[in-house]
Amino acid sequence: MDAFVGKWKLMTSENFDEYMKAIDVPLITRKAAVALKPKLIIKVEGDTIELTLESTFKTTVIKFKLGEEFDETTGDGRDVKSIMTLEETEGKPPKLVHVQKWEGKETSLVREVTGDKLKLTLTFGKVESIRHYEKC
């Protein structure tokens, strides 16, 4: 988990508006979100992880324990059931896998760290968005 800890700044984003459209984020919220360059802050205290997404538009904070389901209100206001797991495979970057479920739907947010770069892959059905962060 150590590789994920720290502050990360969004550098580039691919297909994010299409992803948000697929999960029914309202147009005004989508337009604001696409224009932002949020910071992602990840902290670990004992077995609790805190993930903060900070921007001029909105700041969201979630606290969780790996492998335990928790209630989450997303940045766009959806109430979801979430679970986070850590996948570590020899020779591959560690992955923090975040699955959100609501109203019979499911999306995954997979964060991978390589050095000072974090890649976030958001998937809903056949729609995929990739967001690239750098450590700051």
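Bear in mind these aren't lab numbers, they're just calculated from the coordinates by the rules spelled out. Small disclaimer: the values here were computed from a predicted structure and weren't measured. Because the Cβ atoms are built from the backbone with ideal geometry, glycine has one as well, and the counts that use them run over all protein chains shown.
Side notes on the structure shown:
- Extending 7 Å from the Cα toward the beta-carbon at both Val34 and Thr73 defines two label points whose distance is 2.7 nm.
- In this simple spin-label model, placing a label point 7 Å from the Cα along the Cα-to-Cβ direction at both Asp2 and Glu87 gives a separation of 2.3 nm.
- Gain in span if fully extended, Lys117 to Lys63, counting 0.36 nm per residue against the direct Cα distance: 17.2 nm
- Cβ-Cβ FRET estimate between Val44 and His132, R0 fixed at 25 Å, reported to 0.05: 0.65
- Pairs from the table (Lys101/Lys126; Lys65/Lys126; Lys81/Lys135) lying more than 20 angstrom apart at Cα are Lys65/Lys126; Lys81/Lys135.
- Distance between the stretch 1-45 and the stretch 67-96 - C-alpha centres, whole angstrom: 14 Å
- Selected from Ser108, Ser55, Ser82 as most flexible by GNM, with the chain as the system and alpha-carbon contacts under 10 Å: Ser55
- Net charge, Gln100 excluded, C-beta distance under 14 Å - Lys, Arg +1, Asp, Glu -1: -3
- Shape call, the stretch 2-135: gyration tensor on alpha carbons, a/c limit 1.5: rounded
- Fluctuation leader among Leu66, Leu122, Leu40 - the chain, Gaussian network, Cα springs under 10 angstrom: Leu66
- Net charge of neighbours whose Cβ lies under 9 Å from the Cβ of Arg111, counting Lys and Arg as +1 and Asp and Glu as -1: +1
- Derived scalar couplings ³J(HN,Hα) [the stretch 127-133; Karplus, 6.51 cos²θ - 1.76 cosθ + 1.60; whole Hz; x for Gly, Pro]: 8, 10, 10, 10, 10, 10, 10
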